[in-house]
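See below for the structure under consideration.
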Amino acid sequence: MSLELKVIGAGLGRTGTTSLKLALEALLEGPCFHFLEYKSHPELMAPWLALIQANPLRSNPDTFGDMPVSQWETVMPGYVACVDEPASYYWKQLSDAFPEALVVLSVRDTDAWWASVLKIEEHYQEEMKRPELISDERREFHRFSDAIYPHLQSGISEDVEKTFFEAHNRRVLEHAARDREFARRFLLWRVEQGWEPICNALGLPVPDIAFPHENKRAEYHGY
């Protein structure tokens, strides 16, 4: 069965993407790809690594080659949506491959985003202090993460990361302003807005349950 993504997340990690994943899974009644999926599906790391090595994450997305549906089927088999990294780096290629999918740019204040990134970095550094406690599965994930984010091996820079975060969001917004067809299926969203904007964009009723608020800065899910 051919992959049919209904929603594409263009927002980078730490912008409410875990909550968005859970919300979309409830609305679409199917799995939503997210960085956390590598925990339960480590077999997807190899095809993602091949894709990323051919199209490095921090490259100008305008230089990426064509990515047909068949390529996305390899890295996200059976999914109905995708959010978070690394998929969000390829928002333009995904939107071209799935021209009817809703594109959601999840955003937050830059300083709040950076504080959240730092919290994850702190957890990672604490974990590295006790390498004997790290499982083989976790080590495999770290090797994958190091391979797809080689720029982080020399340390994390506040100025560099904030500049990249804002430039990424600006690039998506500018594309929406230029491309009328893209704008028709584009949603700028903040996690505090909850269900309503997403449901309205998808033409679905608002569920009679609380919107999921997961992976807050104080929490650590391992990835």
Looking at region 34-48, is at least one residue part of a loop (DSSP other than H, G, I, E, B) and touching an Asp or Glu at 6+ places or on another chain (Cβ under 7 Å)?
-> yes
Any residue in region 66-77 that is part of a helix (DSSP H, G or I), in contact with a Cys (Cβ under 7 Å, 6 or more places away or on another chain) and either surrounded by fewer than 22 Cβ atoms within 10 Å (Cβ to Cβ) or modelled with pLDDT under 95 (or both)?
-> no
Please state which of the following conditions I120 fails to meet, knowing it meets all the rest: (1) out of contact with any strand residue (DSSP E or B) (no Cβ under 7 Å at 6 or more places or on another chain); (2) more than 19 Å from E37 (Cβ to Cβ).
-> (2)
Every listed condition ((1) touching a helix residue (DSSP H, G or I) at 6+ places or on another chain (Cβ under 6 Å); (2) closer than 22 Å to T110 by Cβ; (3) among the polar types (S, T, N, Q)) holds for T74 save (2)
Just one listed residue, out of F141, F211, is out of contact with any Lys or Arg (no Cβ under 7 Å at 6 or more places or on another chain), in a helix (DSSP H, G or I) and not small (G, A, S), and it is F141
Mind counting the residues in region 106-130 that are in a loop (DSSP other than H, G, I, E, B) and touching a Gly at 6+ places or on another chain (Cβ under 8 Å)?
-> 2
Which of (1) in a helix (DSSP H, G or I); (2) touching a helix residue (DSSP H, G or I) at 6+ places or on another chain (Cβ under 9 Å); (3) not small (G, A, S) is the odd one out, the single condition V103 does not satisfy?
-> (1)
Going by the structure shown, is V117 in contact with a helix residue (DSSP H, G or I) (Cβ under 6 Å, 6 or more places away or on another chain) and not polar (S, T, N, Q)?
-> no
Matching residues, region 155-187, being of a type in the set (D, E), surrounded by 12 or more Cβ atoms within 10 Å (Cβ to Cβ) and part of a helix (DSSP H, G or I) | E161, E166
Evaluate the following for K92: is it assigned to a helix (DSSP H, G or I), surrounded by 13 or more Cβ atoms within 10 Å (Cβ to Cβ), in contact with a Pro (Cβ under 7 Å, 6 or more places away or on another chain) and in contact (Cβ under 8 Å) with a residue 60 or more places away in the chain?
-> yes
Which residue, of E100, E140, is over 16 Å from the mean Cα position of the chain (by Cα), within 28 Å of N169 (Cβ to Cβ) and either of a type outside the set (A, V, I, L, M, F, W, C) or surrounded by 15 or more Cβ atoms within 10 Å (Cβ to Cβ) (or both)?
-> E100
Scanning region 105-145 for residues that are touching a residue at least 12 places away in the same chain (Cβ under 8 Å) and of a type in the set (F, W, Y), which turns out farthest from A176 (Cα to Cα)?
-> F141
Count, please, the residues in region 182-198 that happen to be farther than 28 Å from A210 by Cβ and touching a residue at least 60 places away in the same chain (Cβ under 8 Å).
-> 1
Just checking, how many residues over region 37-49 are surrounded by 13 or more Cβ atoms within 10 Å (Cβ to Cβ) and at pLDDT 95 or above?
-> 9
Listed by first then second residue, the pairs whose first member lies in region 33-58 and is within 21 Å of L152 (Cβ to Cβ), whose partner is modelled with pLDDT of 95 or more and of a type in the set (K, R), with beta carbons under 7 Å and at least 6 positions apart or on separate chains, are H34/K21
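The values are calculated or read from the model by the stated rules, or taken from the named source; none is laboratory data. The structure presented is a predicted model; accordingly, all values stated were derived computationally and were not measured. Methodologically, a virtual Cβ is constructed for each residue, glycine included, from the backbone with ideal geometry; neighbour enumeration extends over all protein chains shown.
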